[in-house]
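Visitor: Here it is, the structure in full.
The values are calculated or read from the model by the stated rules, or taken from the named source; none is laboratory data. In this text the structure is predicted, and so the values were computed from the model without any measurement. Heads up, the Cβs are rebuilt from the backbone with ideal geometry, glycines too, and the neighbour counts pull from every protein chain shown. Accessible surface is based on the protein model in full, side chains and every heavy atom, while ligands, DNA and RNA are left aside. Shrake-Rupley method; radii C 1.70, N 1.55, O 1.52, S 1.80 Å.
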Amino acid sequence: MKPSSRNKNTILTAALALLMLGAFETQAQQAPTFTRQDTLRGSITPERAWWDLSYYHLNIQVNPADSTIKGMNTIQYKVLEPYQVMQLDLQPPMQMKKVVQNGKQLQVTQDGNAYFVKLEVPQKTGALNKLEVYYGGKPQISVNPPWSGGITWKRDERGNPFVASSNQGDGASLWWPCKDHMYDEPDSMLISVAVPKGLTNVSNGRQRKVEENKDGTSTFHWFVSNPINNYGVNINIGDYVHFGEKYQGEKGMLDCDYWVLRDKLEKAKAHFKDVPRTMQALEHWFGPYPFYEDSYKLVEVPYLGMEHQSSVTYGNGYQNGYRGRDLSGTGWGLKFDFIIIHETGHEWFANNITYKDVADMWIHESFTAYSESLFLDYHYGTLAGNEYTIGKRKTIRNDRPIIGYYDVNHSGSGDMYNKGANMLHTLRQIVNDDEKFRGILRGLNKDFYHQTVTTQQIEGYLAEHTGRDLTRFFDQYLRDTRIPVLEYRQDKKNLSYRWTNVVADFEMPVKVYLNGKATWLEPGTDWKVLKKVKAGTTLKIDSNFYVQEAKKLES
Ligand SMILES: [Zn+2]
């Protein structure tokens, strides 16, 4: 998912907080309230925990004329422990029509967005079972894709239907029935989509075949041979034309396929040259593209874009920057198409390594926001990447922590993008060895290959491989909104220094310039002393560290 323009609610909340007296100011910071529906959606309920997804076959008809979707999802699963009730999710106004196992219709109880299916056949540990879910209706229309979930029903400039799904956060169950929690992914998936003849549907993975039906529709079958997260599954329907190229990458020949609207072909052929450049840079930093078997695709859509696995969607208007703007204000952001680089970066952090709980969404967005800098670093040099990362600090709000609330489908602050990128940039300074840092990024993608993870796993990995206790570091940047201040004072030849505005026992090495000469300090929250410094020494912190300006105290 992409950084959104400033959230209206946040502005409103901030404005209200300002109107109120000081005593009430903290109200905006109070924990949000959650409902039973949030828990059903966001937690691994007992009705989810007992079965492990192995395969989905989503088989649907999409009708742009009346904005409906109908069809079925075959769900294959492995029984982990015996249990007779299964939770499936589907959000109104979509309706579950019936659930069938072994030819027999099952009893289903609806509780809001969740359906509880009573299984009749005893579910034995280790068994591989399946059932079919029939459903249909008019799915929610996205009012602000991709930030609000749903289907976008539009028409291209020639009047042809131009339709796409996007549903991160709100959930895939907006338009198809599934186990709508991120911890579990099917090992593979077949997506069959029937659309009116003349239109093309592009989904994830590789196109297996196209069937012409007697009812005036064509069915496009797309097969994904790798685990895929719910929100990564997508449909894109339009008057598409295709072109492609082969990229000689780290793991062999990668098929890169591009699906764009008919009249955008020439533009796209010129503009998508950023794709091989992206692969070059990101394979260097992150390791092999994680889905060679499923190919890489860029698919034009009627909204900005989204990291759909192996079918990255694109709607940035064939221009560089983020909708033509440089988010960093340094000029470097206009050297590349933000959506191509950012959404492709997610193939490593989001699709290869996937959060279990959306509260840990920084794992997707912080690394991916930083991938923009790593792209610049690779093609234009480290200084370019540094300037870009530092430039994006002006978008940081420090309004609430980056990590959200667990088990209720709640994500943290939008700071997970650019503050997160600056946190990783700061960590890279601490490592102070770019080859080692690159090895860690590649190691993450290798060791957590195709896995869903928690923040503890990622924080632990980074600590282990940097050889540092990073507990307080992550508490500071992910779980607190304060930005460290280095206080110092000079008393004759002694220079004392410490961190303030930090979590308890915070410690972090920092590179400073004393009278212009680079020196490393290891400050904690207690005063430390550097002896034998010249009188009137100036101290400046290396600007690559995301901390506040050093504060000189009078001695
Ligand atoms: Zn993103």
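Visitor: Run the paramagnetic zone check for LYS118: 7 angstrom along Cα to Cβ, then residues of segment 49-85 with backbone nitrogen under 13 Å.
Guide: 84-85
Visitor: Take the Cβ-Cβ distance between LYS446 and ALA270 as r, set R0 to 35 Å, and report the resulting FRET efficiency rounded to the nearest 0.05.
Guide: Between LYS446 and ALA270 the formula returns 0.50.
Visitor: Using DSSP to call loops (not H, G, I, E or B), can you name the GluC sites (Glu not before Pro) in segment 493-555 whose Cβ has at most 15 other Cβ atoms within 10 angstrom?
Guide: Loop-located and lightly packed - GLU549, GLU554.
Visitor: Follow-up. Quick check: pseudo-label points 7 Å beyond the Cα along Cα→Cβ at TYR83 and SER225, how many nm apart are they?
Guide: Between TYR83 and SER225, the label points sit 3.2 nm apart.
Visitor: Additional query: Run the numbers for PHE243 and THR519: contour at 0.36 nm per residue of separation, minus the present Cα-Cα distance, in nm.
Guide: In short, 94.0 nm is gained.
Visitor: So, in nm, how far is label LYS534 from label GLN456 when the simple model puts each one 7 Å beyond its Cα toward the Cβ?
Guide: Rounded to a tenth, the inter-label distance reads 5.1 nm.
Visitor: At 7 Å along Cα-to-Cβ for each site, give me the label-to-label distance between THR125 and THR39 in nm.
Guide: Going from the THR125 label point to the THR39 one covers 2.8 nm.
Visitor: Need the list of lysines near LYS124 for cross-linking: C-alpha distance under 19 angstrom, and skip anything on the same chain fewer than eight residues off.
Guide: Within the straight-line limit of under 19 Å, LYS124 reaches these lysines: LYS78, LYS104.
Visitor: So if I take the centroid of the Cα atoms in segment 306-338 and the same for segment 76-90, what is the distance between those two points in Å?
Guide: For segment 306-338 versus segment 76-90, the Cα centre distance is 41 Å.
Visitor: Take ASN213, project a point 7 Å from its Cα along the Cβ direction, then tell me which residues of segment 50-81 have their backbone nitrogen under 17 Å from it.
Guide: 57-74
Visitor: Treating only the Cβ atoms of Lys and Arg (+1) and Asp and Glu (-1) as charged, compute the dipole magnitude of the chain about its Cα centre; round to the nearest 20 debye.
Guide: Magnitude of the dipole: close to 1060 debye.
Visitor: Oh, and also: Please find the FRET efficiency linking TYR406 to ASP111, where r is the Cβ-Cβ separation and R0 is fixed at 30 Å, and quote it to the nearest 0.05.
Guide: Once rounded, the FRET efficiency stands at 0.90.
Visitor: Let me ask something else. At 1.4 Å probe size, what's the solvent-accessible area of TYR314? Round to the nearest 10 Å².
Guide: 0
Visitor: What is the list of residues in segment 514-535 whose amide nitrogen lies under 16 Å from a point 7 angstrom out from the Cα of LEU553, following Cα to Cβ?
Guide: Flagged as within label range: 523-530.
Visitor: Separate question: Quantify, in whole percent, the carbon and sulfur part of the accessible surface of segment 163-312 (1.4 Å probe; protein heavy atoms only).
Guide: 52
Visitor: What GluC sites (Glu not before Pro) does segment 110-163 have in DSSP loop regions with at most 16 other beta carbons within 10 Å?
Guide: Counting only loop positions with at most 16 other Cβ atoms within 10 Å, the GluC sites (Glu not before Pro) in segment 110-163 are GLU120, GLU157.
Visitor: Need one value: the accessible area of TRP527 in square angstrom, 1.4 angstrom probe, rounded to the nearest 10.
Guide: 80
Visitor: Over segment 200-284, average the accessible area per residue using a 1.4 Å probe and give it in Å², no decimals.
Guide: Heavy-atom accessible area per residue stands at 40 Å².
Visitor: TRP527 to ASP469: FRET efficiency via 1/(1 + (r/R0)^6), r the Cβ-Cβ distance, R0 22 Å, to the nearest 0.05?
Guide: Computed FRET efficiency for TRP527 and ASP469 comes out at 0.60.
Visitor: On to the next question. Mind checking the log10 I(q)/I(0) for the chain at q = 0.09, 0.11 Å⁻¹? Debye, one equal scatterer per Cα, no solvent, two decimals.
Guide: After summing over all Cα pairs, the log10 values are -0.71, -1.02.
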